[in-house]
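Notes to accompany the following structure.
Read the figures in this text as sums done on the coordinates, not as results from a lab. These figures come from a predicted structure and were not determined experimentally. Positions of Cβ are backbone-derived with ideal geometry, glycine not excepted, and every protein chain shown enters the neighbour counts.
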Amino acid sequence: MLQRYLDTYWVNLLLLKSVVISVLFISSCSTEEPTPKPSTLCNISEISFESEQSAMLITVNTKESWSIEHLSNWIDFTATTGRGKTSLLVGATKNDGFGRIDSFLIKTAKQTHKIYIEQKGAAIVHLDILSHTLVFVKVEGGTFKIGNYQNPHEHDVSLTEYYIGQTEVTNAFWEAIVGSLPYSNENKNYPYTMDDDNPDFPVTAVSWNDIHTTFLPLLHTKTSHTFRLPTEAEWEFAALGGNKSKGYTFSGSNILDVVGWDASNANDTKQAVAQLEPNEINLYDMSGNAAEWCSDWYSDWYNTTEDTTNPTGPVSGTYKVIRGGSIASEAGILDFHPCHAKQRSYAHPSGFQGAWGDTGHPDEPVIYKCNEIGFRLVLVR
């Protein structure tokens, strides 16, 4: 097995640009020799790999016998024991999942040196759940300006890396998890619900409460992974294209027809996910098709200027944030188009609201407001 890795990694060293070569010197600390400077003894204590299969050349520089101790099944070595000065390769297998961290020890009779290994997560993670494949895209951490020119609290927000669904959750996946679709005869009386049960359409007519009390708990019982809704900041950063953003008006283009479905091109019905062009980080339908729930409570002031790292919004509220616009969205005269990457909306988490805007009037009818609202998931672990 060690010979196989030796052959493989030496070929990688010659052919792949991603392979990094470095040298680690570990000197013995015998009583006959002066104590080496820390820069000589421990000049390298960390190794970083990309998600692809990678290798690094290290040199154990000692006159003594040495050995390597490790437990990880994704790290391998061309030698784990030896005597005297020895060069060997440390290799990491291809990573198809989250970023990972481990370590190994190089030991002699008189000293031990610990080296940490970090490997970046895959750019795209595929999860197979009940015969359905969910695709999650890694959004690299970064800083961006949340809000818009209409908002006096526009400010910089920093986010750490996260994985967000490449598409909105579909009817097919909702039904696989819950056992039925959410469309009732009463919902069918509202516009924009024709052909709602097409399996490739985004699921809609689901309230924020439905997602948290029914869908997510059931999903958790069927997989070892954890999921949640994106925060508003995560949603906006992803819609803008993350660190690859080109500053488009909509998610992926300045022309909505290229990337999104709204009232002008959807023919009064939802569309199958991922039919138009993706945005800069390969996310689909973040402008139009179904509007999308976020985890945050809605605030007129777009969070606060104090909450600038991984913000989660107000601790309480009446309404939950909705982003992205839908097939019912139309361009306004003085306002952003609802499908604009920075435009915001909201709804009661139950999905029910007063038809006149929750005026409190005793004659105000209560209606269901979620017929064009769906969601996409964030993969936690």
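Quick notes on this structure:
- R0 of 30 Å, Cβ-Cβ distance F144-S72: FRET efficiency to nearest 0.05: 0.30
- Surface/4 estimate of mean projected area, convex hull on alpha-carbon atoms of segment 124-379, nm²: 13.5
- Listed residue pairs exceeding 32 Å between alpha carbons, taken from K120/K145; K107/K138; K94/K145; K244/K320: K107/K138; K94/K145
- Our estimate of slack between D102 and N282, defined as 0.36 nm per intervening residue step minus the Cα-Cα distance, is 61.8 nm.
- Here's how it looks for G325: its modeled amide H is under 5 Å from those of G288, E292, which are all 5 or more places away or on a different chain.
- Relative contact order of segment 331-381, pairs being alpha-carbon contacts under 8 Å that are 6 or more residues apart, as %: 24
- S264-E330 pseudo-label distance in nm [points 7 Å out on the Cα-to-Cβ vector]: 1.3
- Each residue of segment 220-234 is assigned a 3J(HN,Hα), and the resulting list reads 5, 6, 9, 7, 7, 8, 10, 10, 7, 7, x, 5, 4, 5, 4 Hz, derived from the Karplus form 6.51 cos²θ - 1.76 cosθ + 1.60 (θ = phi - 60°), x at Gly and Pro.
- Computed magnitude of the charge dipole of segment 124-379 (debye, nearest 20; Cβ of K, R +1, Cβ of D, E -1): 460
- Backbone amide hydrogens, once placed in the peptide plane, bring S253 within less than 5 Å of nothing, excluding anything fewer than 5 places away on its chain.
- Alpha-carbon centroids, segment 67-137 and segment 344-376: separation in whole Å: 51
- 11 Å beta-carbon shell around E161, net charge (K/R +1, D/E -1): 0
- Between S131 and D197, the C-beta separation translates, for a Förster distance of 25 Å, into a calculated FRET efficiency of about 0.85.
- 3J(HN,Hα) from dihedral phi, segment 262-268, Karplus parametrisation 6.51/-1.76/1.60, rounded to Hz, x for glycine, proline: 9, 5, 7, 9, 8, 6, 6
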